[in-house]
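Visitor: Pasting a structure below so you can have a look.
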Amino acid sequence: MNEKISSLFDSEINNKEVDTLLSKKNKMAGVRSSMSDYQIISDVMKKNTVLPKNNLTDKIMSAIDKEPTQMGGLTKVNSSNTATISFDMWPVLASLAVLVVIASTAFNIEVNSTSQSQLLAKEDIPQEIISAHHAATANNMNHFVQVGDSAQ
Amino acid sequence: MQPLKVVSTNSTVYNSSNNKLDNSKMEIKPVNPDRALDQKLVEKAQKGDKQAFSILVEKYQLKLYRLISRMVRDQSEIEDIVQDSFIKAYRAIGNFRGDSAFYTWLYRIGINTAKNHLVSLGKRPKAMDSNEIEEMENYESMSELRVSETPESTMMSNQIAETVNGAIQNLPDELREAISLREIDGLCYEEISELMDCPIGTVRSRIFRARETIAEKLKPLIETSNKRW
């Protein structure tokens, strides 16, 4: 792990190792602390002005944690700022969905029953023919039961 | 691109006597692993990985601090400007396409933030000539920290430098040589492996062990400095 941090500090780390390091989110404070130590050593060796270890990165990251997460150019708002649906709400929402489906089905039947083609048909065909048609049509369960019984 | 030449430095202080740099045999490839790594971290940050951005913050906060210290002297103001610059960079990271190096982009944000800060205080930002701008873009040259030093901070810096130098002198030759070639001569691992005639994995391990040994000696001092500063 620490050898990878040293390589990261030198930018001598491959993509897979970067992924491995970043996946250990609970160890990132340690990663940053080691990098800070390495920076001091580097500054002394290069005879740069040495700036003692500071907690500026922690302050910056604390501020950035409050920022919305960036998602490839889009911004994902922090969950604390949005209305969320808890698992307790799912049964209520499911019931509501079922009611909507039933209501929309009923509405469709109603619409179909008074469709334009049916109205035109009623106007054009004489009433006695329609009555005779209804009388001859199998429209109740008894008809089918009788047919089934006679077949046996 | 022209091949780079090894710049002569005072690295021989730390090199083992029997294996000094022979510049005539060396030809450094103009690779920029820094930029490749930064681009990788930026892409991860763009996909929502804040930890990736935290590595960029750790990597560049001191360099940005040094840059801003050329325009603003007060330490707390510099810290505020550095923090604001990183927040602005994070907000705009989705628009970063990698046309320039991440640091160059960040430095421009830092300079603008510092200028706006000075204007808000009724101060006139110092006009910079093109040479100065170019020097600032090259962060490797940003070694100087222009903040007002106190006797205590100077003493602490000297103690840290003495401890690090003492620890380096006591390192085994192969560790001292590896870390010197890296830090002072700025060689990449592949070049160091050629010079030291050992596998890259060994170079990596030696540099790491050298750093850990020095950091161990530095730890008590850093803990003290954290309490004082």
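The values are calculated or read from the model by the stated rules, or taken from the named source; none is laboratory data. Everything numeric in this text was worked out from a predicted model, so none of it was measured. Neighbour counts are summed over all protein chains in view; Cβ atoms, including those assigned to glycine, are modelled from backbone coordinates with ideal geometry. Please note that ligands, DNA and RNA were not included when accessible areas were found on the heavy atoms of the full protein model with its side chains. Shrake-Rupley method; radii C 1.70, N 1.55, O 1.52, S 1.80 Å.
Visitor: What total accessible surface area, summed over both chains, is buried at the interface between chains B and A, computed with a 1.4 Å probe and given in Å² to the nearest 100?
Guide: Separately minus together, B and A give about 5600 Å² buried.
Visitor: To the nearest 0.05, how large is the calculated FRET efficiency for B:R108 and A:S23 if R₀ is 30 Å and r is the Cβ-Cβ distance?
Guide: My answer for the efficiency is 0.40.
Visitor: If you don't mind, another one. Could you work out, for the stretch B:149-229, what percent of all Cα-Cα pairs fall into each 10 Å distance bin, beginning at 0 Å and stopping at the bin that holds the largest distance?
Guide: Histogramming the stretch B:149-229 at 10 Å steps yields 18, 41, 25, 13, 2 percent.
Visitor: A further question follows. Find how much the distance from A:A135 to A:S104 grows on full extension, using 0.36 nm per residue of separation minus their present alpha carbon separation; answer in nm with one decimal.
Guide: Here the answer is 8.0 nm.
Visitor: So how do B:61-67, B:100-106 stack up, highest first, on mean other-Cβ count within 10 Å?
Guide: Descending mean neighbour count gives B:61-67, B:100-106.
Visitor: Obtain the radius of gyration and the Kirkwood radius of the stretch A:1-48 from its C-alpha atoms and give Rg over Rh.
Guide: My calculation of the ratio gives 1.02.
Visitor: Please give the average number of partner chain Cβ atoms lying within 10 Å of the Cβ of each residue in B:58-71, rounded to a whole number.
Guide: Average per residue, whole number: 4.
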